[in-house]
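Take a look at the structure set out below.
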Amino acid sequence: MQLKPANPQLRRGLMAASCALLGGTAAQAQTAAGEDQSWQVDAGLLYYKENAGRLRTIEPVVSLKKDFGDQRVLDGTFVLDTLSGATPNGAIPSRKPQTFASPSSTSLTPRAGAKTTLYTIAPGNLPQDPHFHEQRAAGDLDWSQPIGIDNTLSFGGHLSTEHDFNSAAVNAAVSHDLNAKNTTLSAGFNEEYDQIHARGGDPIPATDYTLLERERAQTKNVAGALLGVTQVMSRNWIAQLNYAYDRSQGYLTDPYRILSVVDGSGSVTGYRYESRPDTRVRQSLYWDNKVALGPTVLDVSYRRGKDDWSVTSDTVDVHLRIDVGRDMYLEPHVRWYRQSAADFYHLYAIQEVPLPTYMSADPRLAAFTATTIGFKFGVKLAHTGELSLRLEEYQQKPADRSSPLSQLQGLDLNPGVKAAIVQIAWRQDF
Amino acid sequence: MQRATAAPGDAQSYPATDVRIEQRDGGIVAACFFAMASPCELLVETPDVEKARALGRIVESEARRIEAKFSRYRGDSVVSAINRGAGTVIQVDAETAALIDYAAHCHELSDGLFDVTSGVLRRAWKFDGSDRVPAQSEIDALLALVGFNRIEWRTPHITLKPGMEIDFGGIGKEYAVDRALALVEAESDCALLVNFGGDLRANRPPVAGPWRVAIERPDTNREARMLLEVTQGGLATSGDTHRYLVRDGVRYGHILDPRSGWPVRDAPRSVTVAAGSCTEAGMFCTFAMLNGADAEKLLERAGVPFWCLR
C-alpha cells in the first residue's frame, strides 16, 4: 500500500470493514443458534377509525414465511377485515332534509315485492349511508428464488373476495445484481382482474338516481409494469428508484357514489350516479433513501404520481428508527401527501349545464393535502420475536369545500377526514 | 509465536473438551483451554467460579466452532470445501460470506498486499530455519495461482481458479476472539477478557484497575516480556519467532509478499497493535508486517497505538 501523508483513511476503512464483519455475524450467529427456525410468523391487528362515526375497520393479518434455504422463500399472507360505519354517498349537504335509499334497495318508494331501505339526512349534514357493512377475505402467495448467480425470480398471486367485489391478480418480477451486488436492477409486471357486482346491481353511470337503472356484474382489469434500480451509494446509504406504469380498463365507476344536481341558486334538484372514464393510465416515480446514522436508521422517500385523469400527487414519507437500549426501538413517522383533483371531479353538478359525460364527487378524486403523524414502538422478544405497537393520526384537508351559490353558502360540502390508526403486531421465528 | 504469560502452559495438560479453572489475583477467575494451536483463556471478574466455568465453556465451544469451520488443516472445514471445489462455483453461508467480504476489503485497503490466496506460496517456501530458497521458476509458477482479483466472488457464490486456495489464517483467531467476547458479554455483566494466544479483547477493566497482559517477545533466547495494560478493546501481536530462514546472511521472515512471491524484507520481528476490536488490531499487525521497513511509518500514519520490535 502506498504511504500517503497521514493515513486516517486506512484506519477508518479497516474499522468499517471490521465492524461490518463482526456486526454482520453477530446477527448471523443469532439465527444460527437455533438451526430449525425456518418458519417466520407475523400476526397483526389493525384498527382504523374515522371521526364523526364514519368508517371503522378491524383487520387481522396473518403472514407466514418459509425459507427453504438457498434464498428460496415462500411467503403467504391472509387478511380478514370488517368495514363498518357511515360512508359519504357523494351528495352534498343541503338546507333541507334529504332522503336516500341504501344500495340494496330495489325501489325508492315502499311497495309490495320491492326492497326499500331509506335513510334521511338532517339539513346541513353530510349525506352518509349508515348501513355500510362489508367483510373481506384476501390471500397472497409469493415465491422467490435465485436463477443463476446474480438473478432472482419472484412470482405470486392474489385473491380477494367480498360481498360485492372479487379480485384476482398475478405478478412476476426478475432482478439482476451487478457491481458486486451494489446495484440491483429489477423489472416486474402484474395483471389484475376484478368483478364488481354491487348490491342491487351496478348502476349505469351518469343516469338519474331515482330511476335505479342498473346492470349486471361489471368487470375491470389492471395491467401494470415496474422498473427499478437499487444502488448502494456508500457504506451507510442505500437508494432506490422505481418507475411504475399501470393501465386500468373497464367499469372504474364507484357503484355506490352519487352526485347532487343543483339549480342556479344551489338548491338540490336531484341526484345522478357518478360516471368515470373506462380507462385510467397511471405513472409514478418513487425515490427512497435509507441512511444509517450509527444505530439510527433514517428512511426518506418521495413519490410523484400522475395519471390521465389529471390527478397528480406528491408524497414525502420520513421514518426514523431509533434503538432504545438493546431490545427496544422507537420509530417516529411523518407522511405528507397532496394531490390535484381529477378533471371530472365536482362537488356537485349544475342542472342548467348539459351534464358532462364524466362526473364524480368522490372526495378521493378531489384536491387535498393529507398528513400522517405517529410512531411505532417495538420490543424484542426472546431471541427471534418482536412485538410492536403503532399509533398514527391521519388528517385529510380538502382544498375545495364551499360554494358561492346562495343556497349552499355556509355549508361544509367536503369536510375531509380525520382518522386514528392503531396496530399491534407480533413476529416470531420458529 | 507469541503468548500472553497469563495464558496457561502447554497443550498436553488440557483435556481437549473442557476448561480448567484458575483463581487469579484481584478477584479474577481464568477459564483456560487449548484451541487453535494456542493456549486460550477467558478472564472473568467474578466471585462465582461456576459462572466463570459456564462462560468459559461458551468461549471454548465458539473457538472450536470457528476452528472447525475455517481451518485449512481440516478436511471437513468450509475452507477445505472451497479449496477442493476450485474451478467450480461454491455457495457459502452468511458467516463465511462476511469473512470473504472482509478479506476483499482488506485486500483493497492494502493495495493488494493482504491476500487470502497467497497461502499457495508456502508450497515453495519452508520456513524451518534452513537456507533453502526456492527457484524463481517455482515461485513464478505459484504466482499464477495468487491474487484475490482472480477469484470470482459474488455473495454467496465463490469460484476459485483450479489450483487456487484461500486461507483465513490471518483473520480466524482474531475473529474468534471478538465473536467469543460478544457471546459471553451477552450472558454476563462482568468485566471480561478473551485471550487466544496473545490476541485478545476486553469489554471493560476490572474494578481493581486495567487488565495487565504480558506479551512474550519473539526471541527464544531471552525471557523478555512486554507488560501492557488494557482497559478495553482489542490487542493483537504478529511475529516470526521460529518461522524464518537465513540465506547468505539475509534473514527471510515468513511474511510473503503476494506480488513478488518473496518474503517481505526488513519486516519487524514483532508488532503489537491496539484497536477497537481484536480483528482490526490483527489486521493492522498484518498490514505492518507486509510493509516491511515501513511498518512503523504505516502505523504512525494510521494513528493506532503500537509496539514494534526489530
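We did not get these values from a lab; they are worked out from the coordinates using the rules stated. Please read these numbers as outputs of a predicted model, since none were measured by experiment. Heads up, the Cβs are rebuilt from the backbone with ideal geometry, glycines too, and the neighbour counts pull from every protein chain shown.
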Q: Using Cα positions and a limit of under 29 Å, work out the lysines in reach of A:K376, with same-chain residues fewer than 8 apart set aside.
A: A:K49, A:K65, A:K66, A:K290, A:K397, A:K418
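So what's the protein assembly as shown giving for Cα Rg divided by 2.2 N^0.38 Å, two decimals? Let's see the in-between values first.
Details: Rg = 35.2 Å, N = 740, 2.2 N^0.38 = 27.1 Å.
Expressed relative to 2.2 N^0.38 Å, the Cα Rg reads 1.30.
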(Q) Using square roots of five times the C-alpha gyration tensor eigenvalues, list the equivalent-ellipsoid semi-axes of region B:165-218 in whole Å, biggest first. (A) 24, 17, 5
Q. If the chain between A:T312 and A:A52 were fully stretched, how many nm would it gain, using 0.36 nm times the residue separation less the Cα-Cα distance?
A. 90.7 nm
(Q) Give me a comma-separated list of calculated 3J(HN,Hα) values for region B:275-287, in order, Karplus coefficients 6.51, -1.76, 1.60 applied at θ = phi - 60°, integers in Hz, x for any Gly or Pro. (A) 8, x, 10, 5, 4, 5, 4, x, 5, 4, 4, 4, 4
Q | For chain B, built as a Gaussian network whose Cα springs stay under 10 Å, the top-fluctuating residue of B:E41, B:E95, B:E185 | A | B:E95
Q. Farthest toward the dipole's positive end in the protein assembly as shown, which of A:L391, A:S260, B:A236, given Cβ charges of +1 (Lys, Arg) and -1 (Asp, Glu) about the Cα centre?
A. B:A236
Q: Classify region B:78-159 as rounded, prolate or oblate, taking a ≥ b ≥ c as the square roots of the eigenvalues of its Cα gyration tensor: rounded when a/c is under 1.5, otherwise prolate if a/b is larger than b/c and oblate if not.
A: prolate
Q) Using θ = phi - 60° and the Karplus curve 6.51 cos²θ - 1.76 cosθ + 1.60, what whole-Hz ³J(HN,Hα) does each residue of region A:284-295 get, with Gly and Pro shown as x? A) 8, 10, 10, 10, 10, 10, 10, 10, 8, 10, x, x
Q: Identify, among A:V79, A:Q409, A:S94, the residue whose Cα sits farthest towards the positive end of the charge dipole of chain A, taking +1 on the Cβ of Lys and Arg and -1 on the Cβ of Asp and Glu, with the dipole about the Cα centre.
A: A:Q409
Q) Quick one: helix A:8-33 against the long Cα principal axis of chain A, what's the angle to the nearest 10°, folded into 0 to 90? A) 70
Q: Enumerate the amide H contacts of A:R214 below 5 Å, restricted to partners 5 or more residues apart or on another chain; note that Pro and chain-start residues carry no placed amide H.
A: A:I204
Q | Karplus (6.51, -1.76, 1.60) ³J(HN,Hα), θ = phi - 60°, over region B:255-262, in Hz, Gly and Pro reported as x | A | 7, 9, 7, x, 8, 9, x, 9
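When the dipole is taken about the Cα centre of region A:47-429, and only Lys, Arg (+1) and Asp, Glu (-1) are charged at their Cβ, what size is it in debye, to the nearest 20?
Values: 39 positive and 44 negative charges, 140 e Å.
Approximately 680 debye in magnitude.
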Q | Structure-based [θ]222 nm, chain A - -39500 (n - 2.57) summed over DSSP H runs of at least 4, per residue, nearest 500 | A | -2000 deg cm²/dmol
Q: Report Rg/Rh for chain B, rounded to two decimals, where Rg is the Cα radius of gyration and Rh the Kirkwood radius.
A: 0.97
Q. Using alpha-carbon pairs under 8 Å, 6+ residues apart, how would you state the relative contact order of chain A in percent?
A. 13
